[in-house]
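Working notes for the structure below.
The values are calculated or read from the model by the stated rules, or taken from the named source; none is laboratory data. The structure displayed is predicted, hence computed values, not measured ones. In this analysis, Cβ positions are derived from the backbone assuming ideal geometry, glycine residues included, and neighbour counts consider all displayed protein chains.
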Amino acid sequence: MSETKRLTAVCCAHMLKEGTKSFSSKEIAERIENVGASVAFPFSFDAVNAATIGLTRFFDDLLPVLKELMLCPQFPQEEFALLRRRILQKLQVDLAQNDVLAYRILTEKIFGADHPYGYNSSASLYKEVSTADLQHYHSQSFGKQNAAIFISGRMPGEWRQRLEDAFGAWRNTPWIPMEKQVTKGQTGGVFVSQCSNLQTAIRIGRRLVPTSHPDFATLVLLNAVLGGYYGSRLMYNLREEKGLTYGVHSTLDTYRYDSFLNISVETEKQNTDEVVESIRHEIERLQAHTITEDELQMVKNYLGGHFLSLIDGPFAAAEVMRVSWLESQRITALQDLFTDLVDIRPSDLMEAAQKYLDWEDLTKVIVH
């Protein structure tokens, strides 16, 4: 569900444990701690999540609490004032860090300052949010039509019926797809910002394709070759061979409706131009020459092992399925991705590099 006012979703997620219709925040904490469980509300650009971990024998103790937290939060004003103060203090610290600033600038330029994936938080935006906004957002967004439940581990008896009893009467809420609000960012360009830190933060990237796109698997593999693991080309060039940085990383950040390439590195200011040119050199190598079968197989093996580590245990597997469902509406997305990776050829990577990694199309952000 899209926000009706900026930052209401993140503030709502933070406030869900601060009191409900039946329990105070202290009572919620005591009920969870008494059974040795944990309840958290991690959030992303696409969703607010409720993550509960506890022993099976305490299922009936935790379920009423979780139901209250999701269905009946109260958003007390005093607790919200304390939360906002903590958030503003953390924001002030974050904005003094070059890498944070570079990331904020990059996403804003790539997606656009008005895009749900591109706008940045600020003290003024946080100060505009009220508890009435949180209550309105919750009433409009939280409901069974917008929710899915994932359960893993040793199941209690009649768990389906018990979940149905708890959440079956949850109201329906209208679904407003975010893609109706999508705005365009810009392509390419160099943006330099000044900060007092000694290290220079560099971010280079561009908007790519959603996970459902036919080229997505090739881009996952291409990103790994470029800078997605310790033996990648960027890591070898910038760290091992030239000693320009402690670490350089290339990630493919994925969302439900989009994704973007994000190359990140920190270095000394005097090395900035050399680092940027080295990144350009490695990208142009991928565009001009096919990689060897040995390198391709090594990266495929790495990704296969990485995927296995993501599903190591029932909780990890449930998280993978949750993210897959959220981004693609398919809980088999990771398995499908691995199947697609197997058939990718060296020439496919070169063609993808030529199509998606044109240097002039990449946005470069430098903060020093």
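Considering (1) free of Cβ contacts under 8 Å to residues at least 24 places away in the same chain; (2) within 24 Å of Asp133 (Cβ to Cβ); (3) not β-branched (Val, Ile, Thr), say which one Phe58 fails and leave the rest. Unmet for Phe58, out of (1) free of Cβ contacts under 8 Å to residues at least 24 places away in the same chain; (2) within 24 Å of Asp133 (Cβ to Cβ); (3) not β-branched (Val, Ile, Thr): (2).
Among Phe59, Phe75, which is in a loop (DSSP other than H, G, I, E, B) and either more than 30 Å from Phe191 (Cα to Cα) or among the hydroxyl-bearing types (Ser, Thr, Tyr) (or both)? Full working, then the answer.
Numbers: Phe59 fails: in a loop (DSSP other than H, G, I, E, B).
So the residue among Phe59, Phe75 that is in a loop (DSSP other than H, G, I, E, B) and either more than 30 Å from Phe191 (Cα to Cα) or among the hydroxyl-bearing types (Ser, Thr, Tyr) (or both) is Phe75.
Residues in the stretch 339-360 that are buried (at least 17 other Cβ atoms within 10 Å of the Cβ) and assigned to a helix (DSSP H, G or I): Leu341, Asp348, Leu349, Met350, Ala352, Ala353, Tyr356. The set of residues in the stretch 208-241 that are closer than 16 Å to Ile283 by Cβ and charged (D, E, K, R) contains only Arg233. Each residue in the stretch 48-102 was checked for being in contact with a strand residue (DSSP E or B) (Cβ under 9 Å, 6 or more places away or on another chain) and among the small types (Gly, Ala, Ser), and 4 of them qualify. One residue is enough: does the stretch 288-308 have a residue meeting the conditions under 22 Å from Pro214 (Cβ atoms), more than 26 Å from the chain's Cα centre (by Cα) and part of a helix (DSSP H, G or I)? For the stretch 288-308, residues under 22 Å from Pro214 (Cβ atoms), more than 26 Å from the chain's Cα centre (by Cα) and part of a helix (DSSP H, G or I): present. If you go through the stretch 253-285 and keep only what is of a type outside the set (Val, Ile, Thr) and not in a helix (DSSP H, G or I), you end up with Asp253, Tyr255, Arg256, Tyr257, Asp258, Ser259, Phe260, Leu261, Asn262, Ser264, Glu266, Glu268. Checking the structure you have, find out if any residue of the stretch 326-338 is under 18 Å from Leu208 (Cβ atoms), part of a loop (DSSP other than H, G, I, E, B) and either assigned by TED's automatic domain parsing to the domain that holds Tyr236 or acidic (Asp, Glu) (or both). No - not one qualifying residue is present in the stretch 326-338. Against the test of being assigned by TED's automatic domain parsing to the domain that holds Tyr119, of a type outside the set (Val, Ile, Thr) and modelled with pLDDT under 90, the options Phe43, Phe75 yield a single qualifying residue, Phe43.
Determine whether Arg322 is surrounded by fewer than 16 Cβ atoms within 10 Å (Cβ to Cβ) and either assigned to a helix (DSSP H, G or I) or among the small types (Gly, Ala, Ser) (or both). Here the answer is no, as Arg322 does not meet what is asked. Just a yes or no: is a residue in the stretch 227-240 closer than 19 Å to Lys364 by Cα, outside the structural domain of Lys109 (by TED's automatic domain parsing), part of a loop (DSSP other than H, G, I, E, B) and touching a residue at least 24 places away in the same chain (Cβ under 8 Å)? Yes: the stretch 227-240 contains one or more residues that are closer than 19 Å to Lys364 by Cα, outside the structural domain of Lys109 (by TED's automatic domain parsing), part of a loop (DSSP other than H, G, I, E, B) and touching a residue at least 24 places away in the same chain (Cβ under 8 Å).
Select from the stretch 18-47 the residues that are touching a residue at least 60 places away in the same chain (Cβ under 8 Å) and among the hydrophobic types (A, V, I, L, M, F, W, C) and list them in ascending order. Those that are touching a residue at least 60 places away in the same chain (Cβ under 8 Å) and among the hydrophobic types (A, V, I, L, M, F, W, C): Phe45, Ala47. When we screen Ala217, Ala224, Ala148 for residues that are closer than 22 Å to Arg330 by Cα and modelled with pLDDT of 95 or more, the only hit is Ala217.
Condition test on Tyr257, is it among the aromatic types (Phe, Trp, Tyr) and surrounded by 14 or more Cβ atoms within 10 Å (Cβ to Cβ)?
It is true that Tyr257 is among the aromatic types (Phe, Trp, Tyr) and surrounded by 14 or more Cβ atoms within 10 Å (Cβ to Cβ).
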